[in-house]
Amino acid sequence: MGMCPVCNGLNELNDTCKHCHTILIDHGRMMDFGEKYDAYLPIEMKKLDNGIKDDQKEEQCVHLVTCPTCDEASLVLIQEW
Ligand SMILES: [Zn+2]
Ligand SMILES: [Zn+2]
């Protein structure tokens, strides 16, 4: 089982917003949010969520991030070590 370097404080999450290139704010593992994230993620993100549930969740940690400028939530896949 992998270990997420971002969850473990070994790596910064430094992805940038695709709209304005602001550094995204990491809100931690999506799994920790349970159903709550569902309410405000766009539909594409829910699809993405479904797509990653099976294969990829074993090796990749899904983080919920938001852009402080656009106020837009998205998901980032962190490759686990
Ligand atoms: Zn993580
Ligand atoms: Zn932005």
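Laboratory data are not the source of any read-out in this text; all were calculated from the coordinates shown. Everything quoted here is computed from the prediction, not taken from an experiment. FYI the Cβ positions are ideal-geometry reconstructions off the backbone, even for glycines, and counts take in every protein chain you see.
Taking θ as phi - 60° and the Karplus parameters 6.51, -1.76 and 1.60, the scalar couplings of region 3-15 work out to 10, 7, x, 6, 4, 8, x, 8, 9, 7, 8, 10, 5 Hz in sequence order, x denoting glycine and proline.
Once both labels are positioned 7 Å from their Cα atoms along Cα-to-Cβ, the gap between VAL76 and HIS21 label points is 1.7 nm. Taking amide H as placed 1.01 Å from N in the peptide plane, GLY28 has its amide H under 5 Å from the amide H of LEU64, each at least 5 places away in sequence or on another chain. Other residues within the sphere of radius under 12 Å centred on the Cβ of LEU13, judged by their own Cβ, net out at -2 (K and R +1, D and E -1). Under a 5 Å amide H cut-off, with hydrogens placed 1.01 Å from N, ILE78 pairs with CYS61, VAL62, HIS63 among residues at least 5 apart or on other chains. Annotation: extensible slack from THR69 through MET3 equals 20.7 nm (criterion: 0.36 nm per residue apart, minus Cα-Cα distance). Shown in residue order for region 63-70 are the 3J(HN,Hα) couplings computed by the Karplus curve 6.51 cos²θ - 1.76 cosθ + 1.60 at θ = phi - 60°: 9, 8, 10, 10, 8, x, 8, 7 Hz (x for Gly and Pro).
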